[in-house]
Structure formats: structure tokens, C-alpha cells
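Down below is the structure, laid out as C-alpha cells.
Please treat every number below as a calculation from the coordinates, not as lab data. None of the values given here were measured: they were computed from a predicted structure. Neighbour counts run over all protein chains shown; Cβ positions are idealised from the backbone, glycine included.
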Amino acid sequence: MTDKRSYQRHLPHEIPEGHPIFLTWNLKGAVPRTVIERLRQERDRLEKQSARADESAADRRLREDKLIFAMCDRFLDRAQDGPLHLKDPAAAAIVEDSFLFGVGERYDLYAWCIMANHVHVLLMPIWDLERVTQGIKGYTAHEINGLQRARGRILWQDESYDHWARSDEEVLRIIAYIENNPVAARLCLRREDCLWSPARFRNEWPAALPYRKVGQAFQPDGRQIEQACQAGKPGGTIRQAGKPDLPHHE
């Protein structure tokens, strides 16, 4: 039987060990109340549908969760207002650095994507997942709020979406979803053109393998990212390796 770790924020989460976890979290206020209400109504509609003969209660809940997630993600992709703090390349670089910092010790990292108002990441935890996410969220909030002169701002929505991959095939589908997100949002024509996802490394990094820190040709090109940070924020500096350990929850 697969061992599971549990943690609880607003909702209970069961995290099977040895399976990659697909995580999504958005900026605080990125999903307005009107959209939250539409999501609630869609959930009610789905729950009132007749049960499928070949579907267990758990499978039905999983299918409905995916539909609600996709609906919310489409809204986030199309948002033109509300908090868009990660549109700042220097802020996006802080988030990417924080993902890369924990590789090997805290988790295995398979994919990520940083959008203007939300992030996706696929990882397999080595540390407890709650500790991993608190570290990343706390560190990035502290650094981005400092960068944008917004100390005391609550940067991230408290609750995260999580889904554990059931098979190797699902891992590949999730990676493709994450890396195609900028294309689906019409931010670029090809996924490899996105600066804030590993799609730009895929010629050297097969999608089924976890990221490795040392001695790999697919590490982020600091010069390219530095140019983006300089263009997006005058006075930007060379990015430093993120250390998501600070006890901040901004």
C-alpha cells in the first residue's frame, strides 16, 4: 500500500509518497468574488448531475476538481487587471530561483511556469509538502514585496491547488499542460519562447527526468534573464539563488 502524508489548511490533502505533485497557487485577490461565485455554481451543477455507472465517488470528485481547476486557470490566464505582480521579470526571477533552490534536498523538480498572477509547479516532495510550500511562499513574498516596495502586502492566496500524478503518462501530460500555459494564454507562439518555464531547456532535458542543479547544460541562462529584468525594471540586479527559509508569510 502506498504510504501517504496528510496536511490540512482549509481543506484536507493526502499526499502519497513517491508521486509527483502538481501545485498551483495564485496571487491574493487574483480570483475576484464574482468568479469564485461562478466556480461555486459550476461545482453545484456538476454535483447535481447523475452519477456515471463506471465511476467511483472518488473518481467523480477528481474529475469535477479538474474541471473546476481548468475553469479557474482559464480566467487567470485571461485576466487583464487585478494583481499582476509576477509580470515584473525581476519578481518572476525570484520565484524561479526559489523553485531551483530546493532541488535535490527538498524535492525533485519536473516542471514549473510563472504567469503574471499565478504559478504552476510539478515536484516530488522529499521534505513535508506543507514545509516546502510555506518556505517557497514565505521567501518569495518577502523578496517580491521588498522589491516592489510593498512590505506588509499579502502576496499569495493562502490555499493552493494540488493534484498527485497517478502514472508516468499523467506526469508527462501535466508537464505539457504547465509548459503550454503561456501559449494557451497567448503570451507566446511557442512554449520554448517562455522565459519562465523549463520548456526552453527541453532539447537538453528530457521531460520525464527531474531537474539537476550541477553540471547541466539546461540551467537557466543568467545573462538572458538579467536582460529581461533590466528591461522590465530599471536598476534590476543579477539574480541570486533563492533561499526559501525565511519565516515570513506575506
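Observations, loosely collected:
- Radius of gyration and Dmax over the Cα atoms of segment 125-172, both given in Å: 14.5, 43
- The string of couplings for segment 41-58 from the Karplus curve (6.51, -1.76, 1.60, θ = phi - 60°) is 5, 5, 4, 4, 5, 5, 5, 8, 5, 5, 5, 7, 4, 9, 10, 6, 4, 5 Hz, one whole number per residue in order, with x for Gly and Pro.
- Cβ-based exposure ranking for THR133, THR34, in which fewest neighbours within 10 Å come first: THR34, THR133
- Cα Rg, Dmax, segment 44-99, angstrom units: 17.5, 51
- Our analysis of segment 8-162 gives Rg over Rh at 0.99, with the two radii drawn from alpha carbon positions and Rh computed by the Kirkwood formula.
- Database remark: amide H of ASP108 closer than 5 angstrom to the amide H of MET124, ILE126 (H placed geometrically; neighbours at sequence offset of 5 or more, or on other chains; Pro and chain starts carry no H).
- A simple rule links phi to the HN-Hα coupling: the Karplus curve 6.51 cos²θ - 1.76 cosθ + 1.60 with θ = phi - 60°, which for segment 162-178 gives 9, 8, 8, 6, 8, 7, 4, 5, 5, 4, 5, 5, 5, 4, 4, 4, 4 Hz, with x for Gly and Pro.
- Cβ-based exposure ranking for LEU123, LEU46, in which fewest neighbours within 10 Å come first: LEU46, LEU123
- Rounded Å value of the spacing that divides the Cα centres of segment 140-182 and segment 187-203: 17
- Calculated over segment 75-171: convex hull of Cα atoms, volume per residue (Å³): 112
- Descending by average beta-carbon neighbour count within 10 Å, the peptides 144-150, 82-88, 205-211 line up as 82-88, 144-150, 205-211, the highest first.
- Hz values of 3J(HN,Hα) by residue in segment 128-138 - Karplus curve (6.51, -1.76, 1.60), Gly and Pro given as x: 4, 4, 4, 5, 4, 5, 5, x, 5, 5, x
- Residues VAL119, VAL103 arranged by fewest to most Cβ contacts within 10 Å: VAL103, VAL119
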